1. Give the residues of the stretch 68-113 that are closer than 16 Å to Glu37 by Cα and touching a helix residue (DSSP H, G or I) at 6+ places or on another chain (Cβ under 6 Å), sorted by residue number.
2. Give me the pairs, please: first residue somewhere in the stretch 68-92 and modelled with pLDDT under 90, second residue anywhere and among the small types (Gly, Ala, Ser) and surrounded by fewer than 17 Cβ atoms within 10 Å (Cβ to Cβ), beta-carbon distance under 6 Å, and either six or more positions apart or on two chains.
3. Is there any pair with a first residue in the stretch 40-67 that is under 15 Å from Glu90 (Cβ atoms) and surrounded by 20 or more Cβ atoms within 10 Å (Cβ to Cβ) and a second that is of a type outside the set (Val, Ile, Thr) and modelled with pLDDT under 60 whose Cβ atoms are under 6 Å apart and which are 6 or more apart or on different chains, and what are they?
4. So, in the stretch 69-101, of the ones that are surrounded by fewer than 16 Cβ atoms within 10 Å (Cβ to Cβ) and among the acidic types (Asp, Glu), which residue ends up farthest from Gln15 (Cα to Cα)?
5. Take Asp108 and decide whether it is part of a loop (DSSP other than H, G, I, E, B), free of Cβ contacts under 8 Å to residues at least 60 places away in the same chain, more than 14 Å from the chain's Cα centre (by Cα) and surrounded by fewer than 20 Cβ atoms within 10 Å (Cβ to Cβ).
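The values are calculated or read from the model by the stated rules, or taken from the named source; none is laboratory data. In this text the structure is predicted, and so the values were computed from the model without any measurement. So basically every Cβ, Gly included, is an ideal-geometry build from the backbone, and we count neighbours across all protein chains shown.
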Amino acid sequence: MSIINYFSNKKYKLQKKTTEIDTLSGASFSRRTPAGEISGYFVPGNPDSVTGTDVGNKYDINGVFYTDSRIDLTDRVEINGIVYEVREVEFWQMPYMSYYKGYLVKTDENVRI
C-alpha cells in the first residue's frame, strides 16, 4: 500500500502543458491538454507553516499535493472545483516509500480543466 492510498485515494483531474513550434514561422506556443486523472492527497495551505518555507515565501503557496505519480512544474490539478498550478516539486524516497510533493498556487477562477 502506498502512502497516498493510506491517507486518501481520491482522483483529481490533471492537465499538462505542451509546447509546439509552428513549422512555417518558427514561433512556439503553449497549450494545456487533459492528461487524465491522478491519485493524490491535498493539504490546504496553512499561512504559518507553508508560507514560512522558502517555496512558500517565493510563490505564496495555497496548498501541498502528495502523489505517487510524476508531476512537473506548470501541471494543473483541479481540486474541489478550484484549479491549482504546480510551482515547485520535491521527490521523496525512503526505503519503504516514494512520492512527489507539489506546492500549489491557485490559478484564475475562470479557468476550467
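1. Within the stretch 68-113, just Asp68 meets the criteria.
2. Matching pairs, first to second residue: Asp68/Ser2.
3. From residues that are under 15 Å from Glu90 (Cβ atoms) and surrounded by 20 or more Cβ atoms within 10 Å (Cβ to Cβ), the pairs are Val50/Gly56.
4. By that ranking, first place goes to Glu90.
5. yes
Condition check ((1) at pLDDT 90 or above; (2) part of a strand (DSSP E or B)) across all residues:
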| residue | (1), (2) |
| --- | --- |
| Tyr6 | no, no |
| Lys11 | yes, yes |
| Gln15 | yes, yes |
| Thr19 | no, yes |
| Gly26 | no, no |
| Phe29 | no, yes |
| Gly36 | yes, yes |
| Asn46 | no, no |
| Thr51 | no, no |
